[in-house]
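Notes follow once the structure below has been shown.
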Amino acid sequence: MSLRLAEAVADQLRAKPASCLGLPTGRTPLGLYETLAEWSRTGALDWRAARCFALDEYIDVPGEHSFACYLDSNIFRHTNLPESARFNPLWVDDYDACIAAAGGLDLTIVGIGINGHIAFNEPGTPLASWTHCAWLTESTRRANAPDFGGLEAVPSRAVTMGLTTIMSSRKVILIASGQHKQGILSRALTGPVTAAVPASYLQVHPALTVLTDFGFEARWQPSRAVSRIQY
Ligand code: PGA
């Protein structure tokens, strides 16, 4: 999964060196970043003209737990991506305007939470959402608790690209790793398109790729079921 994902990013950067990428954090993309870091160190990948936008960021978090730090240590510092091309939603007033000024997202990679969130768009987030602050659900805080040594230390708030921000990306790749993601991925891609499962909106994205390590993508038939959207 990580190799195919890394190839997709490499293809994107080769086809359009000035690509704008939306990048996730979490456990699922670690193999992706390891592979991209290796290719970048050997000079096989050129990030000089690219721009990278973190999907989300915690609010009120010690620096070492920030997603900016995660992206810097897992990928950016291994590449020649200029510092000025590393964007974080906490650092700008209007992230969507900043993305638009850069030409819009070309490729955005999103993981899925066990409650169906993408980035920090928790269940109930409307499709008409742009970059905004969000309260994190108990499920999300529990899932991220191991990184903080316990639930108490996990922040309650974050700033995140909205669903429309993500849906506006020219291409989206949805990634899921591990048996515990099977149920929610299947609900997101074969169930109703509804704010109760934010990832379900990706069903109507015109250029969605799904990559998993449990073979879901081989069995999945894209539905493009616009008429099934439930508001
Ligand atoms: P994970 O997080 O990659 O750590 O499972 C995914 C997510 O919650 O978006």
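The values are calculated or read from the model by the stated rules, or taken from the named source; none is laboratory data. This structure is a prediction, so every number in the text was calculated from the model and none was measured. Neighbour counts are summed over all protein chains in view; Cβ atoms, including those assigned to glycine, are modelled from backbone coordinates with ideal geometry. Quick note on the areas: whole protein, heavy atoms, side chains included, nothing else; ligands and nucleic acids left out. Shrake-Rupley method; radii C 1.70, N 1.55, O 1.52, S 1.80 Å.
Simple point charges give the picture: +1 on the Cβ of Lys and Arg, -1 on the Cβ of Asp and Glu, and for the chain a dipole about the Cα centre of about 740 debye. Per residue, the convex hull spanned by the Cα atoms of the chain amounts to 114 cubic angstrom. In segment 153-216, the alpha-carbon atoms span a convex hull of 115 Å³ per residue. Ellipsoid fit via the Cα gyration tensor, segment 101-198: semi-axes of 22, 17, 13 Å, each the root of five times an eigenvalue, largest first. What the Cβ-Cβ distance of ASP94 and HIS65 gives, at R0 = 22 Å and to the nearest 0.05, is a FRET efficiency of 0.30.
Dividing the mean sequence gap of close Cα pairs (under 8 Å, 6+ apart) by how many residues the chain holds gives a relative contact order of 19 percent.
For segment 165-216, the share of accessible area belonging to carbon and sulfur comes to 54 percent (1.4 Å probe, ligands and nucleic acids excluded).
Charging the Cβ of each Asp and Glu at -1 and of each Lys and Arg at +1, and nothing else, the dipole of segment 77-213 about its Cα centre rounds to 280 debye.
The stretch between THR164 and GLN221, if pulled fully straight at 0.36 nm per residue, gains 18.2 nm over its current Cα-Cα span.
Remark: segment 62-151 carries a charge dipole of roughly 220 debye about the Cα centre, counting +1 on each Lys and Arg Cβ and -1 on each Asp and Glu Cβ.
With all protein chains kept in place, the per residue accessible area of the chain amounts to 44 square angstrom at a probe of 1.4 angstrom. Per-residue accessible area (protein heavy atoms, 1.4 Å probe) orders TRP135, TRP39 as TRP135, TRP39, starting from the largest. If I model a spin label at ALA196 and ALA49 as a point 7 Å from the Cα along the Cα→Cβ vector, what separation in nanometres do I get? Each label point lies 7 Å from its Cα, and together they span 4.7 nm. Fully extending the segment from PHE214 to ARG142 would add 23.6 nm, taking 0.36 nm per residue of separation and subtracting the current Cα-Cα distance. If a spin label sat at a point 7 angstrom from the Cα of ALA15 along the line to its beta carbon, the backbone N atoms of segment 199-216 nearer than 15 Å would be those of 206-210. In this simple spin-label model, placing a label point 7 Å from the Cα along the Cα-to-Cβ direction at both ARG157 and ALA128 gives a separation of 2.5 nm.
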